[in-house]
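Everything below concerns the one structure shown next.
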Amino acid sequence: MRKVLLSMAAVFLAAPAFAGEFNKVLSAGDKAPDFAGLQAVAPNGEQTSLTLSDVKDDVVVVVFLSNLCPVVKAVEDRLNELTAEYKDKGVRVIGVCTNIQKGNTLADVKTRLDDPGDGKINYVYAHDDAGQSMGKAYGAVVTPSCFVLDKDRKIAYLGAVDDNQMKEDKVSKHFLKDAIDAVLAGKTPEVTETRATGCGIPYGK
């Protein structure tokens, strides 16, 4: 079975969308681009495969990451805390490494979970395919870039984790957390899009 999962190519079916204020591909209210056969590693180190339609949680949080980005490292504890806080509330956090540079292969993703180094990751960590299809479909240009998907898998929020990703003690606006709380309450987030800031994602051809 594992061989079958490893051989599955990730498939991304982007629904028609309109660019947002900052994201040039998607905006709040758009149907989230689908994904299938996305190779991933669970927090326990087990390799698995993710398909969006198989995720039954009420809210899905997709965060595009990079193993070596200092901004990602700065928000890792916040993502861990968020995952722990909402794991029993119908929220699934999925990190996706879409960087093609050295240190960001699927093997590196697995190593990152096997040997935490900077701290244990408690959310599933996936790897984009060789063509970076998922990153492109979601219009992610930097890491970290966050997307909150509601029960209908429409995008409720896209953008930054908060208003000071490098210095947690200076944060005054918790965009990602506030968006999750709003969606769980059946409401539209007060802020639906912010500018994602961080390390640029190098896309190949």
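Read the figures in this text as sums done on the coordinates, not as results from a lab. Predicted, not measured: the structure shown is a model, and the values here were computed from it. Cβ: placed from backbone, ideal geometry, glycine included. Neighbour counts: every protein chain shown.
Quick notes on this one:
- log₁₀ of I(q)/I(0) at q = 0.09 Å⁻¹ - the chain, Debye sum with one point per alpha carbon: -0.29
- Using a simple spin-label model with pseudo-atoms 7 Å out from Cα toward Cβ, Ala107 and Gln47 lie 1.1 nm apart.
- Membrane-span-like helices in the chain (whole DSSP H runs, Cα extent of at least 18 Å along the helix axis, mean Kyte-Doolittle hydropathy of at least -1.0): 70-86.
- Sites Glu85 and Asp163 - FRET efficiency at Förster radius 22 Å, r taken between beta-carbons, to 0.05: 0.70
- Contact order relative to length of segment 30-133, as percent, for alpha carbon pairs under 8 angstrom and 6 or more apart: 36 percent
- Among the listed pairs Lys56/Lys110; Lys136/Lys170; Lys31/Lys73, those beyond 26 Å (Cα-Cα): Lys136/Lys170; Lys31/Lys73
- Rel. contact order, % - alpha carbon contacts under 8 angstrom, at least six apart, segment 86-205: 25 percent
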